[in-house]
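Asker: Below is the structure I would like to discuss, written out as structure tokens.
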């Protein structure tokens with residue numbers, strides 16, 4: 001389990017100041033599916049956020065904390081900024097945009113395979129070049145000439161630094177981390193040293209279930225799925241899986257309940273031994289297009 005149950009939108013008061021200590025906040029920004037969550041997990045060396053190859057996997061601001069020698073970096077993972085088509089989409093964009101304010105460094109991730117597109121450019125124009133670091137990700141799929149071409153294309157953004165990396169393999173990540181550590185101003189530690197994320201345990205468990213569902217569902221169904229913990233007593237946890245239509249309920253359950261059984265088995269692998277995980281599927285008609293439902297589900 002994670003070490004805290006605080007809300008991810010709340011920043012804690014700083015701990016006791018330490019002379020010469022440096023600390024700061026770094027936002028990971030970009031379009032959907034550019035690898036922000038994978039990079040965050042790689043930077044921290046542990047899993048603090050779910051990942052998948054589906055766009056809009058991240059729906060909250062997820063904070064992960066790096067503890068170094070005399071320095072602390074609070075990373076903020078964000079939903080991918082996109083053209084919204086629902087109340088959920090609007091809320092995700094608001095969540096991502098708010099994360100770019102009041103941080104020390106704004107890291108803009110770009111998918112090196114697909115190149116620097118119009119959506120990337122529009123997002124870059126909203127950022128402060130002095131605080132911006134451009135990260136060309138997924139270079140493990142590119143040769144040296146292609147990487148150079150991408151770096152040349154984004155050079156006119158006049159960002160403070162540029163880094164080609166592979167979040168999946170770790171290429172270039174140590175150099176990026178060294179740079180971010182050097183950018184932190186003097187400040188107090190915000191989190192205790194035994195804390196790597198402020199994601200509440202209930203949200204973490206719900207996200208583990210959604211991560212597994214994302215891996216087995218296809219097409220538009222992932223966007224129609226929400227998960228939340230509705231009961232937690234001792235080692236017994238009930239997670240509600242919401243879909244938007246009755247026809248989607250059968251897909252999530254699977255023939256003879258097999259899909260749900262597989263999802264539960266894989267999610268439990270990341271939970272303490274002996275945890276009993278009950279999964280319940282319900283229909284909340286068109287929830288992602290209903291602002292009140294989006295609010296109710298904590299997005």
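Asker: Could you pull out which residues in the stretch 148-162 have an amide N less than 17 Å from a spot 7 Å beyond the Cα of residue 175, following the Cα-Cβ vector?
Answerer: 148-155, 159-162
Asker: Could you grab the relative contact order for the stretch 203-284? Cα pairs under 8 Å, six or more apart, rounded to a whole percent.
Answerer: Reported relative contact order: 34 percent.
Asker: Note down the relative contact order for the stretch 243-296 as a percent, whole number, built from C-alpha pairs under 8 angstrom at least six residues apart.
Answerer: In percent, rounded to a whole number, it is 48.
All of the numbers you see were taken from the coordinates with simple rules; none came from a lab. Just so it is clear, the model here is predicted, and its values are computed rather than measured. In this analysis, Cβ positions are derived from the backbone assuming ideal geometry, glycine residues included, and neighbour counts consider all displayed protein chains.
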